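Shown next, in structure tokens, is the structure this report addresses.
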Ligand code: MLC
């Protein structure tokens, strides 16, 4: 089996001078790279890293803004057999300290604005700082005087990526994704959505998640298509790009999370758009409400393809490209995936149509979490990956998610660990304890809220807690509402009752 880079290399060779990525900043074209340039740039950088002694199995953190630097570095790491560890550039010092300790990288590539923060916490580790908000500067400055040949053998079971995902224990877990996992994933996405070199994707997602990186970037590059990459999600710019009929920008595919569609629908109100050149719009990373399915159909003039995936598994389910799309359903199991619906108490399969936990098996599923054997053991049962999601399947083979066993919050497509936030809030002077939950929200799907018990009669207000959270946690993890309570609702065993906490806010 080829490696991930070899898959891309086929496209580099086949597509040559065709433009692969058009990078738009603030809606204006900043840089355009052809397939030949992707090849050249990533080869120069991987040769440079190789000369520095970085190679197969080493971890390299990418702590960068969405940029072509990110793309090229990622490709270069894949060529070397190095493990890329992409991280959200909004992470704060305390979060980054954990990621660095956990992934133990040989090199941290970070945006220049994060130099002080990274130097403070990275000890003697190698660092490289680039201005990832500036126009792409070609890799010639990294050119080695001689071309060193890369001779490490990369096998399909070697890790290609570590992507952190929020756990229920409070500490993010690094899901290891191998070359085999990622190749299987991109092949089946290309297959079921019929992605070809004729396609152009409007890319408005972040690059540090599997959605924007694997389902979007990897598939388009492997298929030899074109990517119109936006530096960030902005409603007006995204709509303008999606509506463009100019041959270079004319998009055929758009992938997004429900919170993005919500915002786009608002931005489209009262305006007329012709999206007839789009052939596929998809939604994932969070549940899409049936009412939003119909609103999108009305506004876009086409049905959105809802699909489901996880960091640990790649894409698992999708509504069909041509057949019946069922609002509220994540669709059918993708090729190569085995699915069981299991009673989480008896570990027996439930009767047809009944609700149980989704257990998955297939070539796209991660071998486990980085340096977390216990978590890995808990996540698998006899080779089946326990998703922690509850749902059912209908007689036509369409799957529906109904609830979650795991206590996590999905806000705007971001998985958030309540425990991680509780750990931070509990550090604040004047806080005795707290409970963080997610409640339904029009804008974010779910939003983070917290009930706080004060310590004795100490004075502590909402602002202090919000400020403390902002300092220690990524902005989107910070509670959007705080309520002070005399005590947390608990059962007789002393366990906090999340539903009761939620009802305080509803
Ligand atoms: C931003 N904010 C959020 C938020 N994103 N609040 C809650 N949840 C979120 N997800 C808050 C910020 O803290 C800030 O508030 C305010 O919104 C504006 O911030 P912003 O940075 O301007 O927001 P914006 O850029 O508009 O981001 C919204 C978004 C983003 C929807 C574009 O959240 C996003 O890119 N989500 C997609 C995530 C994704 O790719 N997930 C895939 C996971 S992979 P304040 O008060 O701080 O100023 C996966 C598997 C699979 O799940 O199958 O896909």
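Between region 1-76 and region 168-201, how far is it from one alpha carbon centroid to the other, in angstrom?
17
On a C-alpha basis, how far is the centre of region 87-161 from the centre of region 241-292 in Å? Whole number, if you could?
33
I need the shape label for region 194-294. Rule: rounded when a/c is under 1.5, else prolate if a/b > b/c, else oblate, with a, b, c from the alpha carbon gyration tensor. Write down the numbers at each step before the final one.
Working: a/c = 1.66, a/b = 1.19, b/c = 1.39.
Judged from the Cα gyration tensor, region 194-294 comes out oblate (a/c at least 1.5, b/c at or above a/b).
Using the Kirkwood radius built from alpha carbon pairs, what does the Stokes-Einstein equation give as D for the chain at 25 °C and 0.890 mPa s, in µm² per second? Could the numbers behind the result be given before it?
Working: Rh = 23.8 Å.
For these conditions, the coefficient is 103 µm²/s.
At 25 °C and a viscosity of 0.890 mPa s, what translational diffusion coefficient does Stokes-Einstein give for region 408-503, taking Rh as the Kirkwood radius over Cα pairs? Give it in µm²/s as a whole number. All intermediate terms of the calculation are to be shown ahead of the outcome.
Numbers: Rh = 13.5 Å.
Diffusion coefficient, whole number: 182 µm²/s.
Given contacts defined as C-alpha pairs under 8 Å and at least six residues apart, what's the relative contact order of region 258-324, whole-number percent? Let's see the in-between values first.
Values: 67 pairs, mean separation 19.3, N = 67.
For region 258-324, the relative contact order is 29 percent.
When the Cα centres of region 469-506 and region 345-423 are compared, how far apart do they sit, in Å?
Using only Cα atoms to place each centre, the spacing works out to 23 Å.
No value in this document is a laboratory result; all are computed from the given coordinates. Source: prediction; values computed, not measured.
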